[in-house]
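Asks: Sharing a structure here in structure tokens format.
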Amino acid sequence: MPQADGSLVYGRLGGPAIFPIALRLVAAVAAAVAAPVIGIGGVATPEHARAMLNAGARAVALTSALMADLRRAKTIAAGL
């Protein structure tokens, strides 16, 4: 989105809506680097977390999920 100074702003979308894009990018990065990758972007269920780990992530971030419900981390961990 163009700003008054002509610069562009990216982002402004989060949560489960970006999960498919994040999953694809995590897989691409994990395949390209030897460093550990953290899967971030829309993880809201145990299935999402498992998909990130299967894509090559060594850890998973739960930012949006925790903003909705602080108990979600326990639920996701139990579901793995």
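The values are calculated or read from the model by the stated rules, or taken from the named source; none is laboratory data. These figures come from a predicted structure and were not determined experimentally. Ideal geometry is used to build each Cβ from the backbone, glycine not excepted, and the neighbour counts take in all protein chains shown. The accessibility values were calculated without ligands, DNA or RNA, using every heavy atom of the protein model including side chains. Shrake-Rupley method; radii C 1.70, N 1.55, O 1.52, S 1.80 Å.
Asks: Looking only at residues in segment 42-80 that are among the aliphatic types (A, V, I, L, M), farther than 17 Å from I21 by Cα and not in a helix (DSSP H, G or I), which one is modelled with the highest pLDDT?
Replies: A59
Asks: Ok, one more. In this structure, does A30 turn out to be open to solvent by less than 50 Å² (accessible area, probe 1.4 Å), without any contact (Cβ under 8 Å) to a residue 60 or more places away in the chain and part of a helix (DSSP H, G or I)?
Replies: Judged against the criteria, A30 is a match.
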